[in-house]
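The values are calculated or read from the model by the stated rules, or taken from the named source; none is laboratory data. Just so it is clear, the model here is predicted, and its values are computed rather than measured. Cβ placement follows ideal geometry from the backbone for every residue including glycine, while neighbour counts extend to all protein chains displayed. SASA here: full protein model, heavy atoms, side chains in, ligands and nucleic acids out. Shrake-Rupley method; radii C 1.70, N 1.55, O 1.52, S 1.80 Å.
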Amino acid sequence: MDPPPIHTSSDSAASSADGERHAEIKWDEIGFGIVSTDFMYVMKCTKGEEFRDGSLIPYGNIELPPSAGILNYGQGVLEGLKAYRTKDGSIVLFRPEENARRIKIGAERMCMPSPSVQQFVHAIKKTVIANKRWVPPLGQGSLYIRPLLLGTGSVLGLSPSPEYMFLIYTTPVKSYHKGPLNLVIKDELYRAISGPGGTGGIKSITNYSPAYKGLNEAREEGFSDILYLDAATGKFIEEATGCNIFVVKGNIITTPEAVGTILPGITRKSIIEIAIDLGYQVEERGVPVEELLEADEVFCTGTAMVINPVFSVTYNRTKAEYKTGSETVSQKLYETLIGIQTGLVQDTRGWTLQVD
């Protein structure tokens, strides 16, 4: 997508009444894409050592040798989280410690060193503060934060990289999807191998591009995304391309258990806790396709999309349609979650972290 118009001036920013500088950007025209912000954060280490102090550098390209581990063997993991403006104009992060812990799990699986939880959160805060003029106003989106852990050293034989880089960049965004989703299940496509030995449950960089072919085909057929089944039996739902899925029947909310092939989404985890607080019965277990097709509601969760209702799921010759709109369970959960993230609902769990 084309970037939104950015108006330049002598300092490329406007000032608010409280003296804070804001990017001169048409916030209502941003989507989910790349807008070049001011700074990114870089921290490096070598194999066998620990990450130490990193630094902010101007946003721009990075230099890698053609023999870098990430380029040759895909040795890398990623994360995604957001910074939000609250009703009083301050900036908060949502559960960044969870992202820090998840990237450590992914790094261990990929034989990589990783920042400590404290280093990770500190780096995120520094990056957001340095790019605070790019955090959209309340109700106009959020600042998407992309941490990357990359094997950057030269390697030819099949072995872990000798050098590593932890990199963070940001971009202002709105939701990844607009409106209810129309999903399709394709029997011949699977997103991850069954069992705990694969990488379906971590955010390995290599997990995502294999989904492009199926996703492109689904979109060409008029669908929003693919909903994958388990590779072992082909009977149970797992995830869509980049989000977790929930099924609602009466007062019961069911979602596939986050083990092995299922990514333990932080939005997923938060929605489960919110739903229980609101009086719903939540079950984490295998969800057969037949149960999905008979549901009252279906919705997806993820950092990029937050919560998105599903209008329909097509499986073979069956198309199931679901409730969407203002009176749904997903809308109630969405309003509660967004309210916590933006300070409109009291954060009783300590999920938000103020950065300025």
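Distance check, please: which entries in Lys126/Lys174; Lys26/Lys178; Lys26/Lys82; Lys26/Lys332; Lys125/Lys213; Lys87/Lys332 exceed 25 angstrom between their Cα atoms?
Working: Lys126/Lys174 22 Å; Lys26/Lys178 18 Å; Lys26/Lys82 19 Å; Lys26/Lys332 29 Å; Lys125/Lys213 36 Å; Lys87/Lys332 20 Å.
Too far apart for the 25 Å limit: Lys26/Lys332; Lys125/Lys213.
Mind listing which GluC sites (Glu not before Pro) in the stretch 55-137 are in a DSSP loop and have 16 or fewer other Cβ atoms within 10 Å? Spell out each step's value before the answer.
Values: sites: Glu63, Glu79, Glu97, Glu98, Glu108; in loops: Glu63, Glu79.
Of the GluC sites (Glu not before Pro), the ones in loops of the stretch 55-137 whose Cβ has at most 16 other Cβ atoms within 10 Å are Glu63.
Looking at Ala240, Met43, Gln341, which one has the Cα that reaches farthest to the positive end of the dipole of the chain (charges on Cβ: Lys, Arg +1; Asp, Glu -1)?
It is Met43, whose Cα lies furthest towards the positive end.
What does the convex hull of the Cα atoms come to per residue for the stretch 229-295, in Å³? Don't jump to the answer; show the numbers that get you there.
Numbers: hull volume 5.0 nm³, N = 67.
Hull volume normalised by residue count: 74 Å³.
Considering only protein heavy atoms, what is the solvent-accessible area of Val92 at a probe of 1.4 Å, reported in Å² to the nearest 10?
10 Å²
For a protection proxy built on the mean count of beta-carbon atoms within 10 angstrom, sort 272-280, 181-189 highest first, please.
Final packing ranking: 181-189, 272-280.
Taking the dipole about the Cα centre of the stretch 98-198, with the C-beta of Lys and Arg at +1 and of Asp and Glu at -1, give me whichever of Ser142, Gly106, Gly179 is farthest to the positive side.
Ser142
At 0.36 nm per residue, minus the direct Cα-Cα distance, what do Tyr59 and Asp28 gain on full extension? Give it in nm, one decimal, please.
Details: separation 31, 0.36 × 31 = 11.16 nm, distance 2.34 nm.
Roughly 8.8 nm would be gained on extension.
Go through Lys178, Lys104 and list them by solvent-accessible area, largest first, probe radius 1.4 Å. Please list the in-between numbers first.
Working: Lys178 180, Lys104 80 Å².
Sorted descending by solvent-accessible area, the residues read Lys178, Lys104.
Taking the Cα centre of the stretch 36-148 as origin and charging only Cβ (+1 Lys, Arg; -1 Asp, Glu), how large is the dipole, in debye to the nearest 20?
320 debye
With all protein chains present and a 1.4 Å probe, how do Thr171, Thr206 order by accessible area, largest first?
Thr206, Thr171
Can you classify the stretch 70-110 as rounded, prolate or oblate using the Cα gyration tensor, where a ≥ b ≥ c are the square roots of its eigenvalues, rounded means a/c under 1.5, and otherwise it's prolate if a/b beats b/c and oblate if not?
oblate
For a bin width of 5 Å, list the pair-distance distribution of the stretch 237-356 built from all Cα-Cα distances, rounded to whole %.
2, 11, 22, 24, 20, 11, 6, 2, 1, 0, 0
Report the charge-dipole magnitude of the chain in Debye, nearest 20, computed about the Cα centre from +1 at each Lys and Arg Cβ and -1 at each Asp and Glu Cβ. The partial results should precede the final answer.
Values: 35 positive and 42 negative charges, 105 e Å.
Using only the charged Cβ atoms, the result is roughly 500 debye.
If you take the charge dipole of the chain about its Cα centre, with +1 on Lys and Arg Cβ and -1 on Asp and Glu Cβ, which of Leu93, Ile274, Ile262 is farthest toward its positive end?
The listed residue farthest towards the positive side: Leu93.
Could you work out the helix-only [θ] at 222 nm for the chain, with each DSSP H run of four or more residues adding -39,500 (n - 2.57) and the total divided by the number of residues, to the nearest 500 deg cm²/dmol?
Here the helix-only value at 222 nm equals -6000 deg cm²/dmol.
What nm value, rounded to one decimal, do you get for the distance between Glu335 and Asn316 when each label is placed 7 Å out toward the C-beta?
4.0 nm
Would you kindly state how much longer the chain becomes between Thr206 and Glu50 on full extension, computed as 0.36 nm times their sequence separation minus their alpha carbon distance, in nm to one decimal?
53.8 nm
What distance in nm lies between label points placed 7 Å from Cα along the C-beta direction at Thr233 and Asp296?
For Thr233 paired with Asp296, the spin-label model returns 2.6 nm.
Obtain the radius of gyration and the Kirkwood radius of the stretch 117-250 from its C-alpha atoms and give Rg over Rh. Write out the running numbers ahead of the final one.
Values: Rg = 18.6 Å, Rh = 18.1 Å.
Expressed as Rg/Rh, it is 1.02.
Semi-axes of the stretch 99-150's equivalent ellipsoid from the Cα gyration tensor, sqrt of 5 times each eigenvalue, largest first, rounded to whole Å?
Equivalent ellipsoid semi-axes, largest first: 26, 11, 8 Å.
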